[in-house]
């Protein structure tokens, strides 16, 4: 018998699941309930006597679950009660939302910007998209150049 | 006689063209750039040939000559509507599977094409070269050489026009190498209805009915179907006649599409003519029972149309969903990555034209279209149910995509009722919200051996991270 605990952040809620498993049989303990399960052939699981088809892939702590015809995305957290990185919205970092090319930088260091003002224009998959200031402030740093190919999540502009 | 065809394209359309050519016992050559060295379309061809760019017509013609190809099929996008490739092929004595370069030039110029259609008596939408009078707003800014929503902007008031034209012009310049833009009247609540047409070199023209393409995001189609719920028999005949008149006016040679917008009062206007195979051509094939790529090849080889108008009828109803690597819930941002799991749906009345498979790498170099899922059934209602089932069976993981989003759209009462227009998504914000996962999904995700790390091969759901239970060997 092996026992493990998982902490999930689902739409802002923290959920802890404890799994006990041996020889393909086991029990999930979640929110005060105990649910017996049985692993069937690949990608099939029986929970409380009901069969479900599923697939799971993961990238770091980000999980994608295909479950009975729908795909869901949620994150695993390291500790119970600790949600996803707080304060992202309040930060003045402008990050590339997708990989692509920087077409134009619309601001200069020292400029005052409004919230939602366009600061960078990017092109990805032949479509243009505008990256906007997450909040009002002053441009402290520009970390990209016109024509540069950037990765998803790369820091482009910092607003103080 | 065509013996060998170079397919100047990639992705699902290169594979789809290759399938028909093989049925016709014609040799195929696939081309690829360094970003596509491992792509699926290379496996579908008899020969492969590397190129520096899919957009260099001289290089494509040179490649065709080097391989001994006697024809070039351009697919859609890339050089398909470039008069340069058609002209370079004509000069090199290679058959271009498409219309004459002059036809492409005229129809690719949206202003010129409108003049030609007005002369042929086909109704068109009003346009302006610069700023229109204030009461005409909102207006659309469009690229003269454009298509697929690229270089297009909706402008609500005169103050935003200059900025929108500059931005559209830049995007058009990058995408099509032609930065000219113009301003067109915006028709409210329009439906996008297009007619498939065919014309041969002996002056025979037919239409192969309509396709309704009203479900669009950012002016790009995502769900198409035929027949359209908006057309009565009488309106279908009138629009079909106009489409054939449009083809005749330019002595159209090959397969093409005449696009109309239809307003709620039943008035239709010529929008543009696409001088290539369309992304959504399968819905026509599924209901009319012909192979449009085969028709293209036979016409290009000098053959006559295999059908007269009176030979054609549609059986049943067909719907296509475009599977894109994008996140609709996050403003349609494009997604990239490796496809970890790919289990496509199957069964009666289901067709999948895919450019990817398990292990395919999706990069930001190209259009985010991964695959097209097409269903056909005896009625529209049955086709919707079949599409729901097929989307539900489709497992595509590793690259974020719009499969669930498409399922939510076709599940709306308005879609079921056929109440469609190009503003459908703006009126249905509910389709942008993904469901919260059921508790069982979270439980299944909590099986430590259940998750496959990115890039890891294998097909079992539970590689032995967990226990060595007997289930692993079954």
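Every number in this text was worked out from the coordinates using simple rules, so none of it is lab data. None of these values were measured; they are calculated from a predicted model. In this analysis, Cβ positions are derived from the backbone assuming ideal geometry, glycine residues included, and neighbour counts consider all displayed protein chains.
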Mean other chain Cβ within 10 Å across B:386-392 is 1
How far is it, in nm, from the label point at residue B:315 to the one at residue B:329 when both lie 7 Å from their Cα along the line to the Cβ? 4.1 nm
Rounded to a whole number, what is D in µm²/s for the range A:93-159 from Stokes-Einstein with the Kirkwood radius over alpha-carbon pairs (10 °C, 1.306 mPa s)? 138 µm²/s
Inside 10 Å of the C-beta atoms of A:51-62, what's the mean count of C-beta atoms belonging to other chains? 6
Shape category assigned to the range A:1-79 from the gyration tensor of Cα positions, a/c cut at 1.5: oblate
FRET efficiency for residue A:46 and residue B:22 from the Cβ-Cβ distance with R0 = 56 Å, rounded to 0.05, comes out at 0.80
What is the order of B:65, A:50, fewest Cβ neighbours within 10 Å to most? A:50, B:65
Cα centroid separation, the range B:379-453 to the range B:77-140 (Å): 37 Å
Which of B:67, A:143 comes first, and how do the rest follow, when ranked by fewest Cβ neighbours within 10 Å? A:143, B:67
If you count, for every residue in B:320-331, the Cβ atoms of partner chains within 10 Å of its Cβ, what is the mean? 1
Full extension between residue B:112 and residue B:65 adds, at 0.36 nm per residue less the Cα distance, a length in nm of 13.6 nm
Give the relative contact order (percent, whole number) for chain B; include only Cα pairs under 8 Å separated by 6+ residues. 13 percent
Could you check what % of the DSSP bridge pairs in the protein assembly as shown are antiparallel, to the nearest 5? 90 percent
Distribution of pairwise C-alpha distances over the protein assembly as shown, 20 Å bins, in %: 17, 49, 29, 4, 0
If a paramagnetic tag sat 7 Å from the Cα of residue A:155 along the Cα-Cβ line, which residues of the range A:89-129 would have the backbone N under 11 Å from that point? A:92-95
Given points 7 Å out from each Cα along the Cα-Cβ axis, report the residue A:104 to residue B:245 separation in nanometres with one decimal. 4.2 nm
From the gyration tensor of the Cα coordinates in chain B, what semi-axes in whole Å does the equivalent ellipsoid have, largest first, with each one equal to sqrt(5λ)? 36, 28, 23
Gyration tensor (alpha-carbon) shape descriptor, the range B:4-81, a/c threshold 1.5: rounded
Which value in deg cm²/dmol, rounded to the nearest 500, describes the helix-derived mean residue ellipticity at 222 nm for the protein assembly as shown, given -39,500 (n - 2.57) per DSSP H run of n ≥ 4 and division by the residue count? -6500 deg cm²/dmol
Any chance you could check the Cα centroid distance between the range B:184-207 and the range A:1-43 for me, in angstrom? 56 Å
What is the range B:169-250 by shape, rounded, prolate or oblate, if you read a ≥ b ≥ c off the alpha carbon gyration tensor as root eigenvalues and call it rounded for a/c under 1.5, prolate for a/b larger than b/c, and oblate otherwise? oblate
Roughly how far apart, in whole Å, are the Cα centres of the range B:143-173 and the range B:287-342? 28 Å
Fewest first, what order do B:394, A:6 take by the number of other Cβ atoms within 10 Å? A:6, B:394
Distance in nm between pseudo-label sites at residue A:25 and residue A:68 (7 Å out along the Cβ direction from Cα): 2.4 nm
